[in-house]
Amino acid sequence: MKPKYIIIKEEIEKMIESGVYQPGDQFGSEYEMATQFEVSRETFRSAVKLLEQEGKLLVKHGVGTFVMNPLPEVPNNLEKLTSITAMMKQAGLKDAERHESISTETCPEEYAISLNLSPDEHVYIHERTRMVNGEPVVISINILPKKYFGDIFEERGLSEPLFHVLEAASGIKIVRSNTEINVPTSTDPYYQKLLVKPETTVLLLKQQHFDDSNRPMMFSVDYYRNDIFKFWVQRMR
């Protein structure tokens, strides 16, 4: 169940999107607004703080809280955890073909610490290449602890989006990740597979994924053709 302040935040967002609140409108006092939403002042204050961080409200201490003009949408915002399928749609691509494989191995030493595993524990190693018009555009390597997922891939196969398979079959929901942004070396074999045009560059995202209990559930190594995908981070001062 969502925390109450998240529910209030989402209600305010809907009111802004529907035009109940217009840019420049001033909220009532904190007491009045908390009473309107039937929550404590602290709960309302927490909702407002999140909206302020997202640039949707402006809080002028001693003056009031105002609705802001919406920020332009940031395409492929790295602050938001989305599936590769969603990112491809954002880039205007149709996911036409996938080449996939999966194996069960003892955990490679380089991923054991990130997944809180010992090197003798077994993991699934899932590799997927996304193709568009016969050209590879994304290569993903996902490492998943077998002790959490059992025989999930033997039972469901590889036809569905990975996040959906994990949640539907095992009840494990990936909710956040720590992401390291890299440029792969020229000798990296996955980098070489994506060099299909002279102008092609490749961006590498290494991601440690966590469930809602902050347990590391998956480590992903994703290679994106940077001549197709553009990534953004919204920075604040």
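Only the coordinates and a few stated rules stand behind these numbers; no lab work does. Computed from a predicted structure; not experimentally measured. Backbone-built Cβ (ideal geometry, glycine too); neighbour counts: all protein chains shown.
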Neighbour-count order for Y31, Y21, fewest beta carbons within 10 angstrom listed first: Y31, Y21
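To the nearest 20 debye, what is the magnitude of the charge dipole of the chain about its Cα centre, counting +1 on the Cβ of each Lys and Arg and -1 on the Cβ of each Asp and Glu? Could you put the intermediate results ahead of the total?
Numbers: 28 positive and 35 negative charges, 123 e Å.
With Lys and Arg at +1 and Asp and Glu at -1, about 600 debye.
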For the chain, restrict the atom set to alpha-carbon positions and state the Rg and Dmax in Å. 21.7, 62
For a quick check: sort V233, V39, V48 by the number of other beta carbons within 10 angstrom, fewest at the front. V233, V39, V48
Under a point-charge model restricted to the Cβ atoms of Lys and Arg (+1) and Asp and Glu (-1), what is the dipole moment magnitude of the stretch 21-143 relative to its Cα centre, in debye to the nearest 20? 560 debye
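Rounded to the nearest 500, what is the 222 nm mean residue ellipticity of the chain from helices alone, with -39500 (n - 2.57) per DSSP H run of 4+ residues and division by all residues? The partial results should precede the final answer.
Values: 9 runs with 70 residues, N = 237.
After summing the helix terms and dividing by the residues of the chain, the value is -8000 deg cm²/dmol.
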In sequence order, calculated HN-Hα J values of the stretch 144-151 (Karplus, 6.51, -1.76, 1.60; Hz; x Gly/Pro): 10, x, 5, 5, 8, 10, x, 9
Could you tell me the largest-minus-smallest coordinate of the C-alpha atoms of the stretch 105-237 on each of the three principal axes, in descending order and whole angstroms? 43, 43, 28
Take H126, H209 and order them by how many other Cβ atoms sit within 10 Å, fewest up front. H126, H209
Of K80/K173; K94/K230; K197/K230; K2/K56; K14/K49, which pairs sit farther than 19 Å apart, going by alpha carbon to alpha carbon? K2/K56
